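The values are calculated or read from the model by the stated rules, or taken from the named source; none is laboratory data. For clarity, every value in this text was computed on a predicted model and none was experimentally measured. Every residue, glycine among them, receives a Cβ derived from its backbone with ideal geometry; neighbour counts consider all protein chains shown.
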Amino acid sequence: QQKVQQSPESLIVPEGGMASLNCTSSDRNVDYFWWYRQHSGKSPKMLMSIFSNGEKEEGRFTVHLNKASLHTSLHIRDSQPSDSALYLCAASGGTGNTGKLIFGLGTTLQVQP
Amino acid sequence: DAAVTQKPRYLIKMKGQEAEMKCIPEKGHTAVFWYQQKQSKELKFLIYFQNQQPLDQIDMVKERFSAVCPSSSLCSLGIRTCEAEDSALYLCSSSPGGTQNTLYFGAGTRLSVL
């Protein structure tokens, strides 16, 4: 069973619309969450990280974290065609945490012009 | 952006052959992670090095792979006997170390086993 679960599997939004992606960890030892973006044929690049309860905003991107439920969400407002990519949620934590990230299966976002 | 270099970009092997791929971590990064990605989806953790020492790896790596970091500026991942299921994108990443540091990924080596 995946320790990091993402939903939806795929998402289509119109240009200018809001995209909302979800991620939950089933591992109670998780402390930290990351969101990576991977464009087709490219390597993953870190988009945002969140380590504390609450919300963090960077430009058009907002990430939320609820540590009690181990749930994080990524929201992209005013979505652009260039945002079309695979969005990967990753988590790490627990005793002896090495910084190793466990990734979810990802959400494929398509922004239609 | 951090620069992690991987070579070669593409590798084609026949079933049963040996494969080797290399990674140059970002200068100053002490942690190196290898991941396997199939069908452009899930990144599967393979092995983790801290200061060139392997500290965590999955059973598959112990059984069929060889991985070393002979220096702080070079790591390699090898497959002793390639199988069709090994066809994937192998991604090397590095970080300064620590639990809150971002992993920076190289472009990957795409292995095809025929």
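Can you tell me which residue in segment A:22-42 is farthest from A:LYS67 (Cα to Cα), limited to those that are within 11 Å of another protein chain (Cβ to nearest Cβ) and among the small types (Gly, Ala, Ser)? Top of the filtered list is A:GLY41.
Counting only strands (runs of 3 or more DSSP E) that fall entirely inside segment B:25-114 and contain at least 1 residues that are within 14 Å of chain A (Cβ to nearest Cβ) and not aromatic (Phe, Trp, Tyr), the qualifying elements are B:31-37, B:43-50, B:53-57, B:88-95, B:109-113.
Would you pick out the residues in segment A:94-113 that are buried (at least 20 other Cβ atoms within 10 Å of the Cβ) and not in a loop (DSSP other than H, G, I, E, B)? Answer for segment A:94-113, where residues must be buried (at least 20 other Cβ atoms within 10 Å of the Cβ) and not in a loop (DSSP other than H, G, I, E, B): A:PHE103, A:THR107, A:LEU109, A:VAL111. For segment A:30-75, which residues satisfy the criterion of being on the phi > 0 side of the Ramachandran plot and part of a strand (DSSP E or B)? Listed by number, the list holds a single entry, A:GLY54. Just to be sure, is A:THR72 within 11 Å of another protein chain (Cβ to nearest Cβ), in contact with a Phe, Trp or Tyr (Cβ under 9 Å, 6 or more places away or on another chain) and modelled with pLDDT of 95 or more? No, not satisfied. Of all residues in segment A:9-21, those satisfying the criterion of being away from chain B (no Cβ under 14 Å) and closer than 12 Å to A:TYR87 by Cα are A:LEU11, A:ALA19, A:SER20, A:LEU21. Pick from segment A:75-109 the residues that are polar (S, T, N, Q) and within 14 Å of chain B (Cβ to nearest Cβ): which of them is farthest from B:ILE58 (Cα to Cα)? Once the filter is applied, the top-ranked residue is A:SER84. Of all residues in segment B:50-78, exactly one satisfies the criterion of being surrounded by 14 or more Cβ atoms within 10 Å (Cβ to Cβ) and among the basic types (Lys, Arg), namely B:ARG64.
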